[in-house]
1. In the set 4, 38, which member is over 8 Å from the mean Cα position of the chain (by Cα), open to solvent by 60 Å² or more (accessible area, probe 1.4 Å) and modelled with pLDDT under 85?
2. Looking only at residues that are aromatic (Phe, Trp, Tyr) and exposed (fewer than 10 other Cβ atoms within 10 Å of the Cβ) in segment 7-27, which one is modelled with the lowest pLDDT?
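The values are calculated or read from the model by the stated rules, or taken from the named source; none is laboratory data. Keep in mind that this is a model prediction, so the values were computed, not measured. Please note: Cβ atoms are built from the backbone with ideal geometry, for glycine as well, and neighbour counts cover all protein chains shown. Just so you know, the surface numbers come from the protein's heavy atoms only, side chains and all, with ligands and any DNA or RNA stripped out. Shrake-Rupley method; radii C 1.70, N 1.55, O 1.52, S 1.80 Å.
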Amino acid sequence: MTFTLSFCDAISFVVVTTLLDRVPCFAFDEDFRRLGLTVIAVPQ
């Protein structure tokens with residue numbers, strides 16, 4: 001399965017994985033989950 005990665009998502013991935021040591025983060029769409037990051041779900 002492939003998906004389009006936005007520049008913003010790519011920068012966020014680098015920041016979360018390197019600078020923030022993979023800290024859990026809030027996400028408002030599925031992009032972070034697809035990148036394998038720990039996501040804190042936000043109820044809709």
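1. 4
2. Ranking the qualifying residues of segment 7-27, first place goes to 26.
For every residue, the table says whether it meets (1) in a helix (DSSP H, G or I); (2) acidic (Asp, Glu).
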residue: 3; (1), (2): no, no
residue: 9; (1), (2): yes, yes
residue: 14; (1), (2): yes, no
residue: 17; (1), (2): yes, no
residue: 21; (1), (2): no, yes
residue: 29; (1), (2): no, yes
residue: 33; (1), (2): yes, no
residue: 36; (1), (2): no, no
residue: 43; (1), (2): no, no
